[in-house]
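One structure below.
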Amino acid sequence: MDSSRSAGIDRRRLLFGSAVIGGGVLLAGCTSNHKEDTPTSDVKTAAASGSGSGNEALGKHVVIGFSAPAADHGWMAAITKNAEAQAGAYSDVHLEAVEGTNDVNAQISQVQTLIGKKVDVLVILPFDGKALTAVSQQAMDAGIPVVNLDRVFDSPLAYRTWIGGDNFGMGLNAGLYIGKTLKDKGVANPVIGEIAGIDNLDLTKQRSSGFRKGLAKYGFKVDIRQAAQFTADSGQQVMSNVLQARSHLDAVWNHDDDQGIGVEAAIKQAGRDEFFMVGGAGSKHAMEEIKADNSVLKATVVYPSNMSASAIRVARLIGQSKGMGDLVGTDLPSSLTLFSATVTKENVDQYLPGAFS
Amino acid sequence: MSQQTRPPDGSGPGTAAGGTDVPEAGTARRSGATAGRSALGRVGKVRNLGLIAVLTLLCVIGAVSSDNFATRQNILVILTSAAVIGVITVGQTFVIIGGGIDLSVGAIVALASVWCTTVATQDYGFGGMVFCALVVGAVVGLVNGLVIAYGRVVAFITTIAMMATARGLAERISDRQSQVVTVDSFNSIASTRWLGVPVLVYILAAAVLLGWVLLNRTTFGRRTFAIGGNQEAARLAGLDVRRHTVLLYVLSGLCCGIAAVMLTARTTSGASNLGDLYELDSIASVIIGGTLLTGGRGSLVGSILGVLVFTTITNIFVLNNLTTDIQQIAKGLIILAAVLIQRRGNTPSTA
């Protein structure tokens, strides 16, 4: 009965509505674009240098399949970008990268797709190593060598070579740095804080156990430990509460520089500066702060995001049946653990180009 | 959310079914209107008292377990922690009382925070950034509202789609990197204090006060309750249900925009992973605050008490250096307990 009337109003409203949306979108277009005219990928320079062993020479064409978790934070985004940049630098490499996902089930399907495509070598950074072990083993069984990047598979049958960071070493080096600095200052019973990353990840546990080990060398202990979520807002939230819990701190290790932005914000908002902080992962922002030396952040322990570029190189060598340049022998090592360097004001310039933003 | 399945204006295949239950719905509304209002008010007050009791209990636990709890400074930290999620919860309360749900709040916060921190936007300084965040929030809310009210898509579906879209867009714009804010006046939103109290707490107080007046003292508020209670009856009573629904989602989006400004200043950065799971936090707060998930009933004060309960728990756990898993269990049990109490509180009034 009133349908015709309401249809009329509908049309007018819809027109008005779409005009509003259109306006919004227009405004949107204006504000967004042209951000960051500074170059973002310092990867190529880091990648283009490196070995001089004759392995750079053009070889057999290799198709590399690449699967990693969703690039939802700085470090992981850099992983994917570095892999792509490295593959692009070789004319004999073709990279089949699938869209990153944090859904284990989806990642399994993606790897299966890559197996079906019969790529020559697979590079897999599993969201969860245990969950992807079976499918990786399928790939190996199908004759496709797998380069396991960073998060480890459960069985050595599931990969040809593992390459990744050293979470234990990261914590260890952070602990050693904090321990030594406090010892040098002559602090007797220091109050040491630890802001961990996502607590149910294996890597977080390893980092924390390394940290304890490093501090133990100097006879120190972690006084307060709280976990954030690798995000700036969780870091801010946790740190603002930790600062209430301890009215005096001597040193803090924060596992991740992305969440560190929030941690530092909390420290500034609380007006605290009686302690020093060590970061983790090695973001560009953190390194710039260390260089400027105007905040509590005095050092960070690197978890190299350019490891994915190395993984692509390793995958290429496997595909071309070559060994590693400076090592004796024709076969690639089965495992490569990358060093977690401690970056301070003194050596920061050396690491800034490889940092992720 | 049952009313969402019915087309709002009664045209289309739902007419026959809608037609039959209109009279009874109408009478139910009329008879329940006066008697129900006062009973409702009483139940709401009782529930708020219950929440205040829980909060007091938590404070006692906090004060006993840690010397650092009952300090002025720590209370301010709790209030500041509650500020961001509190402002979001104000909008969420309106939407849920109005019979909808907004699952996209966390993603809207992320999108607004990313958008207002792009290099281009930061060039406009303080005003430009705040304006951008508010407009982005409101426009996303508008899109939600239009799709739900005029596109007749269920709120749950629409906002879950928006959750994915807005977060994706945020990732796209930021290129998944944290965008550090270099405009000091913007960051000072989080560090400035008036009379010793952080500005963020004032913003929360203002949002709650305005929200309370809007909900309880204006026609807009009464319409919200009416539409959430029975959409069909509200329409027959001459309310423009669709327009009002759009406004509710715009309000929620705007609250997210404000929250984005606060969160961005607090973390001194915009990132696409900000506001993760805020939708669940805000909905949980609304529910333990005594608002019915089906709409039509609720209390803004309850929602804010809910937020305070959650932030206080977090604070106590950190002060005592306990791990997050225990914290999660405690939160879960509190939600469950609140819902059970809520059900008991409702039984007599519906019988």
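Some points to look at:
- Residue in the stretch B:59-67 that is farther than 25 Å from B:L254 by Cα, within 14 Å of chain A (Cβ to nearest Cβ) and without any contact (Cβ under 8 Å) to a residue 12 or more places away in the chain present: yes
- Among the residues of the stretch A:215-241, the one identified as β-branched (V, I, T), touching a strand residue (DSSP E or B) at 6+ places or on another chain (Cβ under 6 Å) and buried (at least 24 other Cβ atoms within 10 Å of the Cβ) is A:V238.
- Looking only at the stretch A:210-242, and only at residues there that are of a type in the set (A, V, I, L, M) and within 20 Å of A:D166 (Cα to Cα), the one that is nearest to the other protein chains (Cβ to nearest Cβ): A:A227
- Residues of the stretch B:172-189 that turn out to be farther than 19 Å from B:L200 by Cα and aliphatic (A, V, I, L, M), as a count: 2
- The numbered conditions (1) at pLDDT 90 or above; (2) surrounded by 18 or more Cβ atoms within 10 Å (Cβ to Cβ); (3) more than 14 Å from every other protein chain (Cβ to nearest Cβ) are all true for A:S91 except (2).
- None of A:A309, A:A299, A:A315 is touching a residue at least 40 places away in the same chain (Cβ under 8 Å), within 27 Å of A:G235 (Cα to Cα) and more than 14 Å from chain B (Cβ to nearest Cβ) except A:A299.
- Positions within the stretch B:197-236 being touching a residue at least 12 places away in the same chain (Cβ under 8 Å) and not in a helix (DSSP H, G or I), in sequence order: B:V197, B:P198, B:N230
- Test: residue in the stretch A:274-281 that is surrounded by 24 or more Cβ atoms within 10 Å (Cβ to Cβ), more than 13 Å from chain B (Cβ to nearest Cβ) and within 26 Å of B:I75 (Cα to Cα): yes
- B:A166 vs. criteria among the small types (G, A, S), closer than 26 Å to B:L76 by Cβ and more than 10 Å from chain A (Cβ to nearest Cβ): no
- In the stretch A:246-273, of all residues being crowded, with 23+ Cβ neighbours inside 10 Å, among the aliphatic types (A, V, I, L, M) and touching a strand residue (DSSP E or B) at 6+ places or on another chain (Cβ under 6 Å), the one that is nearest to the other protein chains (Cβ to nearest Cβ) corresponds to A:I261.
- Those residues of the stretch A:271-306 which are under 17 Å from A:L182 (Cβ atoms) and of a type in the set (D, E), in sequence order: A:D273, A:E274
Each row is one residue, and each column tells you yes or no for (1) among the basic types (K, R); (2) more than 21 Å from the chain's Cα centre (by Cα); (3) surrounded by 21 or more Cβ atoms within 10 Å (Cβ to Cβ).
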| site | (1), (2), (3) |
| --- | --- |
| B:W212 | no, no, no |
| B:R217 | yes, no, no |
| B:G221 | no, no, no |
| B:L239 | no, yes, no |
| B:C256 | no, no, yes |
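- Flag if B:A161 is over 25 Å from the mean Cα position of the chain (by Cα) and in a helix (DSSP H, G or I): no
- The one condition in (1) more than 21 Å from the chain's Cα centre (by Cα); (2) modelled with pLDDT of 95 or more that A:N148 fails to fulfil: (1)
- Qualifying positions in the stretch A:111-128 - in a helix (DSSP H, G or I) and either surrounded by fewer than 22 Cβ atoms within 10 Å (Cβ to Cβ) or touching a Gly at 6+ places or on another chain (Cβ under 7 Å) (or both): A:Q112, A:T113, A:L114, A:I115, A:G116
- Residues that are at pLDDT 95 or above and part of a loop (DSSP other than H, G, I, E, B) do not occur anywhere in the stretch A:302-325.
- When B:Y249 is tested against (1) within 14 Å of chain A (Cβ to nearest Cβ); (2) more than 18 Å from the chain's Cα centre (by Cα); (3) of a type in the set (F, W, Y), only condition (2) is not met.
The values are calculated or read from the model by the stated rules, or taken from the named source; none is laboratory data. Nothing here was measured: the structure is a model prediction, and the numbers come from that model. A quick note on method: Cβ atoms are made from the backbone with ideal geometry, for glycine too, and the neighbour counts reach across all protein chains shown.
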